[in-house]
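Written below as structure tokens is the structure these notes are about.
Read-outs: derived from the displayed coordinates by stated rules, not from any lab. Given the structure is predicted, the values throughout are model-derived calculations rather than measurements. Neighbour counts are summed over all protein chains in view; Cβ atoms, including those assigned to glycine, are modelled from backbone coordinates with ideal geometry.
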Amino acid sequence: MTVQPPTHALRGPALTYTGDPFAEGLEATMVYESDAIVAMGGGRITHFGPYEKVRPLLPPDLPIRNCGRDALISAGFLDTHVHFPQAAVIASFGTQLLDWLETYTFPAEGKFADKDHAHAAAKIFLRESLRNGITTSCVYGTVFPQSVDALFEEAERLGMRMAAGKVMMDRNAPSFLLDTAQSSYDDSKALIKRWHGRGRLMYAITPRFAPTSTDEQLAAAGALWREHPDCYMQTHVSENLDEIEWVRDLFPARKNYTDVYAHAGLCRPRAIFGHGVHLNEDEMGCMHGAGSAIAHCPTSNAFIGSGAFNIARAKRADRPLRVGLGTDIGGGTSFSIMTTLGEAYKAAMVHKHRLSAGHALYLATRGSAQAMYLEDKVGSVAPGMEADIVVLDMKSTPLIAYRMDLAKDIHEALFIQMTLGDDRAVQATYVAGVLQYEKA
Ligand code: GUN
Ligand code: ZN
């Protein structure tokens, strides 16, 4: 890697992580600089540190944006579980998972056979992600390969680091959404060839969840992944109690839900399992041993009544899981990472655990990068990292400004943001060093 000289920089308070606070504690891993400089060039961060120390190392005429004392510079957020076609079904009333899929989601996904429809939705999805400081996502398309092409085309135009895949689904869904084991293998393979490793784009093999795939299709997904092991694999696991019972009926030979995937060769590093609300100890041990990740989707788990994910249990020191944060749009109700972290706090509270703001912001940045095995590329602010940056406005509403004046330290200030903040807390979003969103 040739290091390019800096072309511009940001100045302001900054937050990042050098490790996992769940494992090593906040003191050892959280870095807060009250007056920092972040310099960028060639799509990467070239310098980071206290202003007084780093400024002399930079060219005197370097353009520096002063973000102000009420800002906070952070690595761009990651969303490790999201369905781009489902922006159209956010806020759909009155159903839990299986009815919600039938009533709202499958009909909406049917419209994505039309590439123009998919393109328009991809634009809205990515614009909304950037408005919320999300610079990398792991995205479900629909069963139609052209829907994934549409998303990748738009993500490429914006220079975003993005993983996505075509949903594989060969049973238990409306006929207009079904593929076959063979066609899903062929279509996914063609998408991998076209997109995986092109610029910052990455492919995620995407069997929707066990109930909508036959054994044959899950085996095809496993075979495809063995042929392309540096791709991701994403699916759902143990989200809802009726779903879990259905999986037990459909796969009587398997010991539990996770075992259905393990049997197909789908529990490995770079597997991202959505939800995992009701995993048992055996399954958590399996995920830990496999190096697979859970995407914690708190607004969705609350909205469609799935339950409350126990983050403290998932991070238990003797078998810690990789855990990322997911908006799970459209089971989830917000693109805002602040709102999502606020809900993660409430989910932890259900289990009598106090999720600190420092730990929460880690989940949204380096923790999600670690879940995706991307912590050497994105998720923290350090020289050599890709320059995906969010600048937060820590006084984005009158109430937040009022409350912030009483905050005694950065921990309290961050907790105020995640409890009260939303899209208005995002001042600017940079992708590979390029300003791609700025609040009016
Ligand atoms: N399980 C299978 N498909 C889906 C989906 O689209 N959303 C959620 N939340 N769970 C699922
Ligand atoms: Zn989902």
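In table form, for the structure just shown:
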quantity: Within a Gaussian network of the chain (alpha carbon springs, distance under 10 Å), most fluctuating of Thr142, Thr365, Thr212; calculated: Thr212
quantity: Theoretical gain in end-to-end length, Lys111 to Asp318 [0.36 nm per residue, Cα-Cα removed]; calculated: 69.9 nm
quantity: Cα-based Rg / Dmax (Å) for the stretch 1-116; calculated: 21.7, 61
quantity: Kirkwood Rh (inverse of mean 1/r, distinct Cα pairs), the stretch 192-331, angstrom; calculated: 15.3
quantity: Contact order normalised by residue count of the stretch 248-309, Cα under 8 Å, 6+ apart, percent; calculated: 32
quantity: Kirkwood Rh and Cα Rg combined as Rg over Rh, evaluated for the stretch 209-263; calculated: 0.98
quantity: Rotationally averaged projected area of the stretch 1-54 (alpha carbon convex hull; nm²); calculated: 4.6
quantity: Extension gain, His353 back to Lys439 (0.36 nm per residue minus Cα-Cα distance, nm); calculated: 27.5 nm
quantity: Helix 145-158 vs. the chain, principal-axis angle (Cα, 0 to 90°, nearest 10); calculated: 10
quantity: Percent of C-alpha pairs per 10 Å bin, the stretch 162-265, short to long; calculated: 16, 47, 30, 7, 0
quantity: Whichever lysines have a C-alpha closer than 23 Å to that of Lys115, once near sequence neighbours (fewer than 8 apart) are set aside; calculated: Lys123, Lys166, Lys189, Lys193
quantity: C-alpha long axis of helix 215-227 to longest principal axis of the chain, angle in °; calculated: 40
quantity: Rg/Rh ratio calculated on Cα atoms of the stretch 84-234 (Kirkwood radius); calculated: 0.95
quantity: Sites Glu281 and Gln4 - FRET efficiency at Förster radius 51 Å, r taken between beta-carbons, to 0.05; calculated: 0.60
quantity: Partners for Lys408 among aspartates and glutamates (Cα-Cα distance below 18 Å; same-chain residues under 8 apart left out); calculated: Glu27, Glu33, Asp35, Asp70, Asp393
quantity: Inter-label distance for Ser34 and Lys408, nm, one decimal - labels placed 7 Å from Cα along Cα-to-Cβ; calculated: 1.6
quantity: Highest-MSF residue in the chain out of Asp215, Asp170, Asp242 [GNM, Cα springs under 10 Å]; calculated: Asp242
quantity: Mean shadow area of the stretch 313-440, taken as a quarter of the surface of its Cα convex hull (nm²); calculated: 9.4
quantity: Mean projected area in nm² (Cα convex hull; one quarter of hull surface) for the chain; calculated: 20.0
quantity: At 0.890 mPa s and 25 °C, Stokes diffusion of the stretch 249-345 via Kirkwood alpha-carbon radius, µm² per second; calculated: 177
quantity: Rounded to 10°, Cα long-axis angle of helix 181-195 versus longest principal axis of the chain; calculated: 20
quantity: Sites Glu153 and Ile124, calculated FRET efficiency, Cβ-Cβ separation with R0 22 Å, nearest 0.05; calculated: 0.95
quantity: Under DSSP loop assignment and at most 15 Cβ neighbours within 10 Å, longest trypsin sites (Lys or Arg not before Pro)-free interval of the chain; calculated: 70-170
quantity: Fraction of beta bridges assigned by DSSP in the chain that are antiparallel (%, nearest 5); calculated: 45
quantity: Neighbour net charge for Gln146 - beta-carbon separation under 11 angstrom, K R +1, D E -1; calculated: -3
